[in-house]
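Structure record follows, encoded as structure tokens.
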Amino acid sequence: MTSYHSTSRSDFLRARGIRHHIRRWGAADRPMIFLGHGFLDVSATFEPLVAALLEATAGRYQVLAPDWRGFGHTEWPQDGYWFPDYVADLDAFVRHYSPEVPLNLVGHSMGAQIVSLYAGLRPERVQKLVLLDGVTLPDMPSAMAPKRFRHWLDQLQEAPKLRRYPSFEDLAGRVQRQHPQLSSEQALFVARCWGREDGRGQITLCADPRHHRHGPGLYHAEDSNAIWRDVTADTLFIDAEKSQIPMPPEQRAARLACYRRHAVEVVAGAGHMLHFDAPVDTAQRIAAFLDR
């Protein structure tokens, strides 16, 4: 992997009481692709994927990638995090950037859950949908509710703590332990995307530590399934061969069956972080799908 120097520019948009950061690549008059990052990730790590995507599409598109609330350079809300807010934020972004013309949505992991729900709730606003190793949240039976609710109450009694690292190189070491397939150069690139200097000679993560709190609610897959049945956009699932996210095949098949027109492709040798592991392969698959 070569060194990546960002070719993006930044927008700051105040929406729903939060100052949001949206990273943009490409000419502003081109059709839009929105990229949604995953949990504890940031828009900046899409740089290798976007570079390959713009090349594969010969610059026919522009790409926009928000830092979800509480991540990257977007503000941290004081009232905590509730998953529907991410979908509502995306709705605000779409109304701002493309109030009339449908756009293409690409989401990774948590971002795939966000953009897929949006595609079912606002089907007329989405032209094509790409889900990168996503829609894999495990179903939670109601019997879990008391324990989960108590755990949430207990977590509220303790102030979240920011973890600090002596340098970007130290953070890169943690990244490489978490993703051992990355080279030292790749890990340092990710570390510089995930971290920032705190003004005291140390590095902190660009993520609100309150994200680590488990909310009191449960995830019921059938709620998502009902929304996904309203998706009208052609949908491409790009899965990672070496993904560590377990899901019984019958549950996976049931979720995919909710999408009226969908295809599944698997990137050989890649782990869950497709935009780290296989940015060129992943970008070429997205480009081919958009051009069909």
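For this structure, a couple of remarks:
- Computed over the chain: relative contact order in percent, which uses C-alpha pairs under 8 Å that are six or more apart: 20
- In Hz, Karplus ³J(HN,Hα) per residue of the stretch 253-262 (6.51, -1.76, 1.60; θ = phi - 60°; x = Gly, Pro): 4, 5, 6, 4, 5, 5, 8, 5, 10, 9
- Phi angles across the stretch 64-69 convert, under the Karplus curve 6.51 cos²θ - 1.76 cosθ + 1.60 with θ = phi - 60°, into 3J(HN,Hα) values of 10, 9, x, 7, 4, 3 Hz, Gly and Pro given as x.
- Here the translational diffusion coefficient of the stretch 95-142 follows from Stokes-Einstein with Rh set to the Kirkwood radius across Cα pairs; for 20 °C and 1.002 mPa s it amounts to 187 µm²/s.
- Size of the stretch 222-292 as Cα extents on the principal axes (Å, biggest first): 33, 31, 15
- With all projection directions averaged, the alpha carbon convex hull of the chain covers 15.2 nm².
- Mean projected area in nm² (Cα convex hull; one quarter of hull surface) for the stretch 27-88: 4.9
- Structural size metrics of the stretch 47-163, computed from C-alpha coordinates, are Rg and Dmax of 17.4, 53 Å.
- Rounded to 5, percent antiparallel among DSSP beta bridges of the chain: 40
- In this structure, the amide hydrogen of LYS128, modeled 1.01 Å from its nitrogen in the peptide plane, lies closer than 5 angstrom to those of ASN104, LEU105, counting only residues at least 5 positions away or on a different chain.
- Three-way shape label, the stretch 128-179, alpha-carbon gyration tensor, a/c 1.5: oblate
- Ranked by how many other beta carbons lie within 10 Å on average, peptides 61-71, 120-130, 269-279 from highest: 61-71, 269-279, 120-130
Every number in this text was worked out from the coordinates using simple rules, so none of it is lab data. Note that the coordinates shown come from a computational prediction; the quantities given were computed from them, not determined experimentally. Every residue, glycine as well, gets a Cβ built from its backbone with ideal geometry; the counts of neighbours run over all protein chains shown.
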